[in-house]
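To keep things clear, I will list the structure first and then write my remarks on it.
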Amino acid sequence: RSALHFQAPYAHAHGANAKPRLTPAVLLARGALLLLCHLRIRPWTLISNDWVCALTAPYARHCAWGGAALGGAAETWAHTLFLHLVHNLGQGYDGCLELPPATEPLAALHQLPAHLLAEGGRRLNLTRAALLCCNAWATVSEGYREELLRTATLAPLLRSFGLPFACPLGLPLEETRKQLSERGLYGELGRRRAKAELQSACFGSALDVPLVVFLGRITQQKGVHLLLECVPALLRACSGNVQLLVCGHACAADAYGARCARQISSLRSSYPQHFWASSLGRRFEDGRLVTAAADFGVMPSLFEPSGLVGEEFLAAGTPLVCADTGGMRDRVRAYDEVTRRGNGLLFTANVHQSLLAALERAAELYQSTEHYQALRAGAEAAARDVAETACRWECELQRLHMCLAARRSRSVPGEFSQNRN
C-alpha cells in the first residue's frame, strides 16, 4: 500500500485532513527503525530530514509503540546521535498539523507521549517532537539559521541548543560540468548554443537579448507572482529587448498555482515573443539546458533556506537575480561595477519594485560585455562542490560525538539518550 501512504506528504489536496499527512511520517520513521533492528545495524548517527522524517528520534526514544518487536530497542539507540536537519520551517513545511474539532485526536496512530507533539489546542507539531528528542539540529545556511533563531515559531526551542550547525548545499561540480560539456552546453560557445536552442524552441527564433529564467516549483514560497507582475513593466522599461521563461510545476489543486496559471496564460497571449512558460501540469525535465542557456537565473523567493536551483545556475556559470533572504543572501554577492566582483544581483524579498529594479539592472549589465563576462566569471567561481559540504558535515558529526561522549562519561547510566549539545 506504499502508493497510498507515501504518495505526497506535502500534497495540497489533503487540505485540513491531518491523517494523510501524519501517516507517512509515522510509517517512514517506524519502518526505518524496525529495518535497522531487523538487520542488526547499530547506526553511529541518524539524521532526520525535515518534518516527514521528524518522528525518527521520538520513536527511538519512546519505544512502547513497537511492543515485542522492539524489545530492548531503547538501549539499541542509546549511543546513536540523532540530528534533525531543518530545510524549511515555513508554513506548510513545518510539520504543523491542525486537527478540526470533529476529527479524532490521532493518538492511536502516532502512539507517542502527548507532550511531544501537542502545541496547544488541537494542533500537532512534528518538528517540535523531533527537537525535544534529538541531540542536535542543523540547517542548510547560516542566513537561514539566523532567521530561524530570530523569528521561527519554534525559536525558543531552537535556541535551547548550542549554536546549531549550518552548511550550504553543494553539487558534484565535476560531474555536473562534465554532463554539460558532453551535451555541448558548457563554456561560452556552449552557452550560446544552449541559448539559441532554447529560444528557438520557445519563441521560434534566437535573438541577442537577455534571457531571464525562473526554474522551480510554482508555489507561494517561490514568489512567482512577483515575477509575473513585473513582466509588462520590465518589457516597457527595456523597450521589449528582454525575454522571460518560467519553467516549473504547479499542483492542480493549489489555489496559488491556479492563480499563476491564469497570469501565465494572459502573459503568453499578450507577449508571445517575450514570455514563455512550460506546461504547469507536468514537471519541466531539461534543467541542464535551462541553467546553461539562461543569461540570468531569477529566484524571487519570499524565503529560501538554501536554494539548490541557485547552485545549478552557478555551476553553469549563470549569474543570479535573487531575493536577499535566507541562504541566498549568503551565496550571492551583489555585483560591483567598480571592482567587477560579484555573482549576481540582490533585491528586497517580497517587494515588487525592488525585483523590477534588479531585473532592469540585469538587462543593462547584459549590454556591457565586460561587466557581463565578469558576472559570469564570478558565478562560475562561486559554485560549491558537494565534497566541501560533505567534509564540513563529517567534521561537525565528529565534534558532536566527542561532545556527547564526554557528557556521557559524566552521566548516570541511561541518561545519555536525553542529552543534547
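Spin-label pair Arg407-Thr151: with each label point 7 Å from Cα along the Cα-Cβ axis, the two points sit 3.0 nm from one another.
The ranking of Phe303, Phe313 from fewest to most other beta carbons within 10 Å of each one's beta carbon is Phe303, Phe313.
Rounded if a/c is under 1.5, else prolate if a/b is larger than b/c, else oblate: which is the stretch 173-382, with a ≥ b ≥ c the root eigenvalues of its Cα gyration tensor?
Details: a/c = 1.29, a/b = 1.20, b/c = 1.07.
Since a/c stays below 1.5, the shape of the stretch 173-382 is classed as rounded.
Taking amide H as placed 1.01 Å from N in the peptide plane, the amide H of Cys96 sits under 5 Å from that of Leu126, each at least 5 places away or on another chain. Among Cys260, Cys322, a tally of other beta-carbon atoms within 10 Å of each Cβ gives an order, fewest to most, of Cys260, Cys322. Counting only alpha carbon atoms, the long axis of helix 255-270 and the longest principal axis of the chain meet at about 10°. Dipole magnitude for the stretch 173-382: computed about the Cα centre from +1 point charges on Lys and Arg Cβ and -1 point charges on Asp and Glu Cβ, it is near 380 debye. In this structure, the amide hydrogen of Met299, modeled 1.01 Å from its nitrogen in the peptide plane, lies closer than 5 angstrom to those of Val321, Cys322, Ala323, counting only residues at least 5 positions away or on a different chain. Note on the chain: with a GNM built from Cα contacts shorter than 10 Å, the maximum mean-square fluctuation among Val140, Val209, Val290 falls on Val209. Residue by residue, the stretch 363-371 carries 3J(HN,Hα) couplings of 5, 5, 5, 4, 6, 9, 4, 5, 5 Hz when phi is fed to the Karplus relation 6.51 cos²θ - 1.76 cosθ + 1.60 (θ = phi - 60°); x denotes Gly or Pro.
Spatial offset of the stretch 301-354 relative to the stretch 149-178 amounts to 17 Å, using the alpha carbon center of each. The mean sequence distance of close C-alpha pairs (under 8 Å, at least 6 residues apart), as a share of the length of the chain, puts its relative contact order at 15 percent. Compute a Gaussian network model of the chain, connecting alpha carbons closer than 10 Å, and tell me which residue from Gly297, Gly216, Gly121 fluctuates the most. Of Gly297, Gly216, Gly121, the Gaussian network model singles out Gly121 as fluctuating most. Across the stretch 202-218, coupling constants 3J(HN,Hα) worked out from phi with the 6.51/-1.76/1.60 Karplus curve, θ = phi - 60°, read 8, 10, x, 7, 9, 10, 8, 10, x, 10, 9, 10, 9, 10, x, 6, 8 Hz, and Gly and Pro carry x. Among Gly31, Ala252, Ala277, pick out the residue whose Cα is farthest towards the positive end of the charge dipole of the chain, where Lys and Arg carry +1 and Asp and Glu carry -1 on C-beta, about the Cα centre. Of the candidates, Gly31 comes out farthest on the positive side. Dividing the convex hull volume of the alpha carbon atoms of the stretch 128-254 by its residue count gives 198 Å³ per residue.
With θ taken as phi - 60° and the Karplus curve 6.51 cos²θ - 1.76 cosθ + 1.60 applied, the whole-hertz 3J(HN,Hα) list for the stretch 178-191 is 5, 5, 5, 5, 4, 8, x, 10, 10, x, 4, 5, x, 4 Hz, x standing for glycine and proline.
Fewest neighbouring Cβ atoms within 10 Å first, the residues Leu359, Leu163 line up as Leu163, Leu359. Dipole of the chain (Lys/Arg Cβ +1, Asp/Glu Cβ -1, origin at the Cα centre): which of Leu302, Ala136, Tyr59 lies farthest to the positive side? The listed residue farthest towards the positive side: Tyr59. Here the spin labels are modelled as points 7 Å beyond Cα on the Cα-Cβ line, and at Ala390 and Lys19 they lie 4.3 nm apart. How many percent of DSSP beta bridges within the chain run antiparallel, rounded to 5? Around 15 percent of the beta bridges assigned by DSSP in the chain are antiparallel ones. Annotation: amide H-H contacts under 5 Å for Ser141 (H modelled 1.01 Å from N, sequence separation of 5 or more, or interchain): Cys167. Remark: the chain carries a charge dipole of roughly 940 debye about the Cα centre, counting +1 on each Lys and Arg Cβ and -1 on each Asp and Glu Cβ. Taking the Cα centre of the stretch 104-190 as reference, the dipole from Cβ charges on Lys and Arg (+1) and Asp and Glu (-1) amounts to some 300 debye. As I understand it, the value is the acute angle between the Cα axis of helix 142-151 and the longest principal axis of the Cα atoms of the chain; what does it come to in degrees, rounded to 10? For helix 142-151, the angle is close to 60 degrees.
Read-outs throughout are calculated quantities, based only on the coordinates presented, and are distinct from any laboratory measurement. Bear in mind the structure is a predicted one, so any value in this text is a computation, not a measurement. Note: ideal-geometry Cβ built from the backbone for every residue, glycine included; neighbour counts use all protein chains shown.
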